[in-house]
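Rule-based calculations on the coordinates, nothing more; no lab input. Computed from a predicted model, the values in this text were never measured in an experiment. Cβ atoms come from the backbone with ideal geometry, glycine included; neighbour counts cover every protein chain shown.
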Amino acid sequence: MVNIELNKVQLSDLDELWAISYGPKADLKWMAYDGPYFENPVLDRETFLKGWGEKIVNQPNYRLIICDKQMIGLVTAYWEDAPLNQWLEVGMVIYNADLWGNGIESLVLKLWLKEMFDEYPQLPHLSFTTWSGNIGMQKVGEHAGMLKEGVIRKVRYWQGEYYDSVKYGILREEMGD
């Protein structure tokens, strides 16, 4: 069994986070599944630190994924309905593709959902949005106990093809132990 921790991001973590996400240790395969239709660039260190540094350090809605004492990714949460702040969307990325498909993702997502329900006790619902080209993330959501709640057909255009936007959600009372 693997040991998963979700730790708040510290300033001292940013160099390693950049290294595994975009830098010399980066796999970059994750970018092909994380909304590739937005065509986000590979960030150099300075741009990453400037753009992400203040945004994620010590923030409750960003945590490092630590697996067996190794930083492997990031979980996020953002308000879909800001400034009302009653609809929270979560996200997750594990940067090393060699770690995909072995159950780590579902463990991380379950832990993150629990932490977000604990952090925001007023919320009855949490969700995430992916696209039909990311079959793996859809399976992660299902394994974490989430339900497919919506499909917006053929709205994500990538490499000459249209894909669906897919939304998964879970209610507080549906969360298992």
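See the values below:
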item	result
Binned Cα-Cα distance frequencies in region 70-131 - 5 Å width, integer %	4, 16, 28, 23, 15, 10, 5, 1
Label-point gap, in nm, between Leu11 and Phe38 - each point 7 angstrom along Cα→Cβ	2.7 nm
Selection of trypsin sites (Lys or Arg not before Pro), region 50-101, meeting DSSP coil and at most 15 other Cβ within 10 Å	Lys69
Which of Tyr163, Tyr37, Tyr168 has the fewest Cβ neighbours within 10 Å, and the rest in rising order	Tyr37, Tyr163, Tyr168
For region 47-159, alpha-carbon Rg and Dmax in angstrom	14.7, 41
